[in-house]
Structures are given as C-alpha cells and as structure tokens.
Amino acid sequence: MEMWYIFVAIPIIGALLHFFVSKKAHTKNRFIELLLLWFLGFGVGVGSIFSGLAQVFSPEMIAQSVGWPNTPFLREVGFANISYGILGLISIKYRSFWAPTIIANAVFMWGAAIGHIYNIQQTGNLAAGNAGTVLYLDILMPIVFIMLLIAYHKTLNVAET
C-alpha cells in the first residue's frame, strides 16, 4: 500500500495554509520554519509512527510490499521508526530537536536506501516498497530537510541583523 504521497503533500499544503492564515510576518524565514515544522511533525513524526506501527503489527504486509522475507528484524525496524516519529512530534514544540531528528532520519533513510539498492542489484527486486518513488524519497527527503534547516538558520540570521 503506497501512501508516501500523504507524508509529502500534507506537510507542503499544511505549511502553505499555516503561512497564509498565520498572523505572524510573512517572511522567507517563517515559511521555511513552517515547512520544517510540518515536515518534521507530520512527515517524519506521524509518518514514521505510522510506518513503525505497520512494521510492528503487520510485518507480513510490509515484507510483501518490499519483496523481502518476513523476519523478526522487521519488528525491530518498526520500533526504530517509532523512535524517529517521536522525535518528529517533539520537534513541533522544541526547535532544539530539529537537527537531531533530521540526523537520525537521514542516517536511517540513507541506510535503508543503501540496503534497497544492494537488494535490487543482487536480486532484481523491484517491488513497490523496495524501488521507485519510495527509494527516491529515502534519498531525497533527508537532503531536503538538511537544506531547509540550513536555509532556516541563514534566513534567521539575516532577519536578526
């Protein structure tokens, strides 16, 4: 079941709506801040908890979507996902959690991408959960988060001077 688009589209739409409804100044820094809030809170937070719960409680469904055997390790990955989700939710209230959440998410996603690419090379497994859009998002979204965090701090410094 491919639901990746929800965890990309809702943060973008949410940030846009939040930006235009908010009574705070409509600055570049504010828009980047809202993108980070929505991506980390909903995309990483809710998305990782959703994925983690699916891996913990329905590992056979997840294994089938990835084209891998169902092993007890999948539940362990689920708990790792839940931990990133909790970090993402905490990031909504505490900006000091932004960088740790992005780092943890990037390490996990890039590690997963390496595993999927290796599996594709070794077995030719092009299952929806192993290749395609999901794989590209595993690689690209952490880059987007890192770039947003850098842009946030650069525009924050400009706004303060």
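Relative to the dominant Cα principal axis of the chain, helix 98-123 is inclined by about 30°. Principal axis analysis of the Cα atoms in the stretch 79-127 yields extents of 43, 17, 13 Å, listed in decreasing size.
When the dipole is taken about the Cα centre of the chain, and only Lys, Arg (+1) and Asp, Glu (-1) are charged at their Cβ, what size is it in debye, to the nearest 20? Can you show the working numbers first?
On the way: 8 positive and 6 negative charges, 132 e Å.
Around 640 debye, computed over the chain.
Sorting F42, F79 on solvent-accessible area from highest to lowest, probe radius 1.4 Å, gives F79, F42.
Computed with a 1.4 Å probe on the full set of protein chains, the accessible area for V21 sits at about 120 Å².
Going by average Cβ density within 10 Å per residue, which order do the peptides 28-40, 109-121 take, highest to lowest?
Averaged packing, sorted descending, gives the order 28-40, 109-121.
Remark: the stretch 29-140 carries 50 Å² of accessible area per residue (probe radius 1.4 Å; ligands, DNA and RNA excluded).
Atom-type composition of the exposed protein surface of the chain places 73 percent of the accessible area on carbon and sulfur (1.4 angstrom probe).
Its DSSP H runs of at least 4 residues, each contributing -39,500 (n - 2.57), put the calculated 222 nm mean residue ellipticity of the chain at -25500 deg cm²/dmol, to the nearest 500. Taken over the stretch 89-161, the percentage of Cα pairs per 5 Å bin, counting from 0 up to the bin with the maximum distance, is 3, 15, 19, 18, 14, 12, 8, 6, 3, 1, 0. Under a 5 Å amide H cut-off, with hydrogens placed 1.01 Å from N, N130 pairs with nothing among residues at least 5 apart or on other chains. Between the Cα long axis of helix 28-38 and the first principal axis of the chain there is an angle of about 30°, rounded to the nearest 10. Sequence-distant contacts, meaning Cα pairs under 8 Å at least 6 residues apart, place the relative contact order of the stretch 15-144 at 24 percent. Between the residues N125, A80, W98, the greatest Cα displacement towards the positive end of the dipole of the stretch 1-125, with unit charges on the Cβ of Lys, Arg, Asp and Glu, is found for W98.
The values are calculated or read from the model by the stated rules, or taken from the named source; none is laboratory data. Small disclaimer: the values here were computed from a predicted structure and weren't measured. With ideal geometry, Cβ positions are generated from the backbone for all residues, glycine too; neighbour counts draw on all protein chains shown. These accessible areas exclude ligands, DNA and RNA; they are computed on the full protein's heavy atoms, side chains included. Shrake-Rupley method; radii C 1.70, N 1.55, O 1.52, S 1.80 Å.
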